[in-house]
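Data first, discussion second: the structure below is written as structure tokens.
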Amino acid sequence: MSLSIQHLNADSTFLLAFSPASTTPAEEQGRLPGAFTILLDPWLVGRSSIFHPSFQYTKHTDKPHIDSLADIKQGIDLIIITQEKPDHCNRETLCSLPADKPVTILATPAAAKKIKSWNHFAPSHIHTLPPFKPSHPSTLTRIPLPPTTPTLRPGELTIAHLPAKHDLTRVHNALGITYHPPSPAAPTPDKPDPTPTLSLLYTPHGTPPSTIAPYTTAHLLPTHALPLTALLHGFNHEQNPACLGGEVMRGAPGGLELLRALGGRVRCWIAAHDGEVERGGWSVRWLRSRAFAAREVQGLVGAEGWGTEVVELGVGECVRLGG
């Protein structure tokens, strides 16, 4: 069992390939029964602006790994859009997919509404990702993975949208994903399930530990999904004045807070949303940034006594994490 994570741009667009096998070549894993491929927040072309380009705009300076979603060779089972901001919910990129392509899009409420307004995809292909509430099991999106033989029980992929409280900018949310492939007969107290659960937390802007605490207690712990397989979280810290939204990126300090909340039980921390960009507009003059190199972050993690590996993927680079 494995999780392959490929960075498609220098920002926060990732291709996740969950596979029940760990030794199969990457190009074949998506075709295995029980495999599942997810595309996160695709932004490949154009620039992103908030309100108006004169207020703020952002443009990639590094060429993405691909120019269009049509260039992705392996099949995509699901596209997830975690925010309505154009650097996460990018119209030009998403609409590079043919309108009649039967791909499912799962998006946060504001993003789903925005995508539907484009009238490009069939409404039946766009689904809203509700905020996760432990007291309402239906708020955890569950996707069954059919067994390949009668001797196996179905697997399951789950997705949880974890919005931060009192977040007026709506950028400090998190996305939780777990993957359990089809496995032998149901476990019993005497024979627990030997198949581990892969788990990923994606929060490119960062989120307070209080955001993930209910999810950890209600889902990660009961499903034996810790240690977390991967944390996708920025290294760099960015701060605006309070009147312009305050903290933009929680960066390495915020990531360390999440690791501390998880007791250091994170196998791999991968940088997200840290690439070089061209910025413009009058609002950016007040933005204050503090960059952290991967080596520096690894030192901060090591000083806490945690065994988490810190990784910074280049454009197009991929890391495979086993179960």
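The values are calculated or read from the model by the stated rules, or taken from the named source; none is laboratory data. All values derive from a computational prediction rather than experimental measurement. All Cβ positions, glycine included, derive from the backbone under ideal geometry; neighbour counts span all protein chains shown.
Which residues, counting only those in the range 165-175, are in a loop (DSSP other than H, G, I, E, B) and either within 13 Å of Ala107 (Cα to Cα) or touching a Pro at 6+ places or on another chain (Cβ under 6 Å) (or both)?
Within the range 165-175, Asn173 is the sole residue that qualifies.
Just checking, which of His88, His120 is out of contact with any Gly (no Cβ under 8 Å at 6 or more places or on another chain), more than 30 Å from Thr197 (Cβ to Cβ) and either at pLDDT below 95 or not in a strand (DSSP E or B) (or both)?
His120
So which residues in the range 98-113 are outside any helix (DSSP H, G or I) and modelled with pLDDT of 90 or more?
The answer is Thr104, Ile105, Leu106, Ala107, Thr108.
Out of Ile212, Ile159, report the one residue that is in a strand (DSSP E or B), among the β-branched types (Val, Ile, Thr) and modelled with pLDDT of 95 or more.
Result of the check over Ile212, Ile159: Ile159.
Suppose the filter is exposed (fewer than 14 other Cβ atoms within 10 Å of the Cβ), at negative phi and not small (Gly, Ala, Ser); does His125 pass it?
In short, no.
For the range 1-12, which positions are under 17 Å from Ile72 (Cβ atoms) and at pLDDT below 95?
Asn9, Asp11, Ser12 - these are the residues of the range 1-12 that are under 17 Å from Ile72 (Cβ atoms) and at pLDDT below 95.
Hey, does the range 179-190 have a residue that's of a type in the set (Val, Ile, Thr) and crowded, with 18+ Cβ neighbours inside 10 Å?
Checked against the condition, which is being of a type in the set (Val, Ile, Thr) and crowded, with 18+ Cβ neighbours inside 10 Å, the range 179-190 yields no hits at all.
When the residues of the range 223-240 are filtered to those that are in a loop (DSSP other than H, G, I, E, B) and hydrophobic (A, V, I, L, M, F, W, C), which remaining residue is surrounded by the most Cβ atoms within 10 Å (Cβ to Cβ)?
The qualifying residue surrounded by the most Cβ atoms within 10 Å (Cβ to Cβ) is Phe235.
Check whether at least one residue in the range 37-49 is modelled with pLDDT of 80 or more and among the acidic types (Asp, Glu), and report yes or no.
Looking through the range 37-49, at least one residue is modelled with pLDDT of 80 or more and among the acidic types (Asp, Glu).
Where the second residue is at pLDDT below 95 and in a loop (DSSP other than H, G, I, E, B) and the first is farther than 30 Å from Ala291 by Cα and aliphatic (A, V, I, L, M) and lies in the range 210-239, which pairs have Cβ atoms under 9 Å and are six or more apart or on separate chains?
Close Cβ pairs (under 9 Å, with a partner that is at pLDDT below 95 and in a loop (DSSP other than H, G, I, E, B)) amount to Ala225/Pro196.
Determine whether Arg142 is of a type outside the set (Ser, Thr, Tyr), surrounded by fewer than 13 Cβ atoms within 10 Å (Cβ to Cβ) and over 21 Å from Val266 (Cα atoms).
yes
Within the range 207-222, work out how many residues are surrounded by fewer than 20 Cβ atoms within 10 Å (Cβ to Cβ), within 18 Å of the chain's Cα centre (by Cα) and of a type in the set (A, V, I, L, M).
1
Just give me the residues in the range 14-23 being buried (at least 23 other Cβ atoms within 10 Å of the Cβ) and either at pLDDT below 95 or farther than 16 Å from Leu232 by Cβ (or both), in sequence order.
Answer for the range 14-23, where residues must be buried (at least 23 other Cβ atoms within 10 Å of the Cβ) and either at pLDDT below 95 or farther than 16 Å from Leu232 by Cβ (or both): Ser19, Pro20.
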